[in-house]
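To start, the structure itself, in structure tokens.
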Amino acid sequence: MKLSRAFFKTLREVPNEAEIPSHILLLRAGMIKKTAAGIYSYMPMGWRTIKKIENIVREEMDAKGCQEIRTSVLQPGELWEESGRWSAYGPEMWRISDRNDRGFCLGPTAEEIFTDIVRNDITSYRQLPMNIYQISNKFRDEARPRFGMMRSRDFIMKDAYSFNKDEACLDESYNDMFEAYSNVFRRCGLTFRPVEADNGAIGGTGSHEFTALCEYGESEICYCESCDMATTVEKAACVDAPADDAEMKPLEKVNTPGTKTIEEVSEFLGIDQTQTIKALLFTTYDEDGNFKEYVAAFVRGDRELNMTKLVNALGVHEYAIEFADEEKMAQATGCVGGFTGPVGLHDCKIVVDSELPGLKNLCAGACETDYHMLNVNYGRDYEGDIVTDIKNLKEGDPCPVCGAPIKHARGVEVGQIFKLGTKYSVPMGATYKDENQKDHPMVMGCYGIGVSRTFQAIIDMPQNHDENGIIWPMSVAPYHVIITVMKHNDETQLAVAEEIYKKLGAACVEVIMDDRKERPGVKFKDADLIGIPVAITVGRGAADGIVEYKLRREADKVELSVEDAIAKAIDIVNAEKDGRCF
């Protein structure tokens, strides 16, 4: 491809909507264009990289015996009714109706449609295990689409589903996908970490999330350097503080004017925050959006509430809980904003963190303006409807496995694998017959890769961008080599550039020539911005058969003969283009 004929435009200014480096660079490099909030079009160079990521995914999936299919984005609501998720999935699902008022959705995921396909065509244990996948667009009506591909409403995803005879067979499929995913992300040039994760709306019995490590990621993970423990913050179990064997002191109400926060009351009373109880107040709703109940959650004052753990403890959906209107909740339960404690609350569900029952003589709100209670003790003064771990595992906390200090890191979730078990096969009747012609539900696994997320996450890796632009790994770069012609009207330079262009193309090297009528400085800036791995510049030395050769990831450039530059480019492209050097 020659840039003089290409559909190609770069931006010098940072777009207003872009907040993180990868999003900024994709827009500036002209690889994507915004259509609407959370909806993007892929321009030629960006689409070339997307296709390369897809091909890496296909190669690794096919190597594990998976087979690719393609299902419709438009899915009938009746399948989701069968699985029980039509109402349960929540407002992220785009629901539509046809002219006959039949319900459909734009698929946010594909468990139902894959299960429907398999239940009609696979009947015998001899046909199992089976793993089928697709790479297609998915749609989720995100409340706050942001960060480009990181949280978009229309995105490209690879989703695979394994159908197995039993749990042991599922474990084999799951392990195959774990290995395949590790290969995919390694070949794409990502620094990543697989961690245990919450199953979320997909459901099931076990899950791992593949997190690309970068400072701009929305995901936060916990890990231990002394053992193999690694998990998302949402999933991370916490070690409770040792139980206190002190004697219970008499309950005492004290005046604490204007002290609505844990920090304020601790300073006012001269006590440590670990001796306080923090209250968080919520309203929950049923699947139809009707009021269900008020919830008061309590954790130690220095702790942070883990919303995923609370949602799981309550058995509600994430979209069916929100912070309460304190005035309305006060009328029903006796709570007081900023001064709520567990003593005296009524007509609400009380969820108590597992740490609190073992602690003695704590300070909590008195459910009265400007007052707190001292020496609050579980069992004597209050009890919980639910007592479970609902706190975040903080950096420096003891590892729940070995006790060493925990570390945190940020990243981008680029893939997740799930053990679904029979969550979908039982309600949807996906069964097989064993050797004795007895019916059994298929045991399923689900495996997703965010292709468009991976596309952007690659750039967020520190090694894959700098102040000048993108630095694509060879395996996913839109082109392997860019040839820059210093003077577009110099016949000698054009002839040398054309020679290099043809010889590299003949060697199956993907090459682009910048022969535009632009100043050399503009061409060099664009070459750095779009991040092509190998740059060959044809300039003054062309008459003597000399060109400049440079790798985008390195600062130094060297002068080489045309023949040597071609040979060097071919060698490095062949060595790195499949990504297995990473």
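Stretching Ala237 away from Trp47 to a fully extended chain increases their span by 64.3 nm, per 0.36 nm per residue minus the current alpha-carbon distance.
In summary, the chain shows an alpha-carbon radius of gyration equal to 1.17 times the 2.2 N^0.38 Å reference for compact globular proteins. Can you list the aspartates and glutamates whose alpha carbon is less than 14 Å from that of Lys260, not counting same-chain residues fewer than 8 positions off? Filter leaves Glu326, Glu368, Asp370. In order along the stretch 223-233, the Karplus-derived 3J(HN,Hα) couplings, from 6.51 cos²θ - 1.76 cosθ + 1.60 at θ = phi - 60°, round to 8, 10, 7, 9, 8, 8, 5, 8, 7, 6, 4 Hz, and Gly and Pro are given as x. Grab the beta carbon distance between Lys9 and Ala36, set R0 = 22 Å, and tell me the FRET efficiency rounded to 0.05. Efficiency computed from Cβ-Cβ geometry: 0.65.
What is the calculated FRET efficiency for Glu267 to Glu395, with r their C-beta to C-beta distance and R₀ = 25 Å, to the nearest 0.05? It comes to 0.55. From the P(r) of the stretch 129-234, could you give the percentage of C-alpha pairs in the tail past 16 Å? When every Cα pair of the stretch 129-234 is considered, 70 percent fall beyond 16 Å. Computed from the alpha carbon atoms alone, the convex hull of the stretch 333-424 holds 213 Å³ per residue. Note: relative contact order over the stretch 456-581, using C-alpha pairs below 8 Å and six or more positions apart, is 29 percent.
Extension gain, Glu220 to Ala506, is 98.4 nm, computed as 0.36 nm per intervening residue step minus the present C-alpha separation. Working from label points 7 Å from Cα in the Cα-to-Cβ sense, the Arg99 to Ala555 distance is 6.7 nm. Of all aspartates and glutamates in the structure, the ones whose alpha carbon falls short of 12 Å from that of Lys64, not counting any fewer than 8 places away in one chain, are Glu172, Asp176, Glu179. Which residues does the label zone of Glu92 cover in the stretch 417-438, counting backbone N under 15 Å from a point 7 Å along Cα→Cβ? Hits in the stretch 417-438 for Glu92 at 15 Å: 417-418. Each part reduced to its alpha carbon centroid, the stretch 423-477 and the stretch 24-52 end up 21 Å apart.
Kindly rank 24-36, 442-454, 256-268 from highest to lowest mean number of other beta carbons found within 10 Å of each residue.
442-454, 24-36, 256-268
Can you tell me the dipole magnitude for the stretch 475-582 around its Cα centre, using point charges on the Cβ only (Lys, Arg +1; Asp, Glu -1), in Debye to the nearest 20? Could the numbers behind the result be given before it?
Values: 16 positive and 20 negative charges, 66 e Å.
The dipole magnitude comes to about 320 debye.
Exceeding 25 Å between C-alpha atoms, which entries from my cross-link table qualify? They are Lys278/Lys349; Lys235/Lys349; Lys309/Lys394; Lys2/Lys577; Lys34/Lys502. Among Lys278/Lys349; Lys235/Lys349; Lys309/Lys394; Lys2/Lys577; Lys34/Lys502, the Cα-Cα distance tops 25 Å for Lys34/Lys502. Ratio of Rg to Rh for the stretch 88-134: 1.11 [Cα atoms; Kirkwood radius as inverse mean 1/r over pairs]. Going by accessible surface with a 1.4 Å probe and the largest first, Leu560, Leu74 read Leu74, Leu560.
Extension gain, Arg58 to Ala168: 0.36 nm times the residue separation minus the Cα-Cα distance gives 37.1 nm.
For the stretch 183-287, the equivalent ellipsoid built from the Cα gyration tensor has semi-axes of 40, 19, 16 Å, listed from largest to smallest.
Protection proxy ranking, highest mean first, for peptides 45-55, 133-143: 45-55, 133-143, where packing is the per-residue count of other beta-carbon atoms within 10 Å, averaged. Pairwise inverse Cα distances across the stretch 444-540, averaged and inverted, put the Kirkwood hydrodynamic radius at 14.9 Å. Solvent-accessible area of the chain (1.4 angstrom probe, protein heavy atoms only): carbon and sulfur portion equals 47 percent.
The values are calculated or read from the model by the stated rules, or taken from the named source; none is laboratory data. Fair warning: this is a prediction, and the values are worked out from it, not measured in the lab. Ideal geometry is used to build each Cβ from the backbone, glycine not excepted, and the neighbour counts take in all protein chains shown. Calculation scope for accessible area: heavy atoms of the full protein, side chains included, ligands and nucleic acids excluded. Shrake-Rupley method; radii C 1.70, N 1.55, O 1.52, S 1.80 Å.
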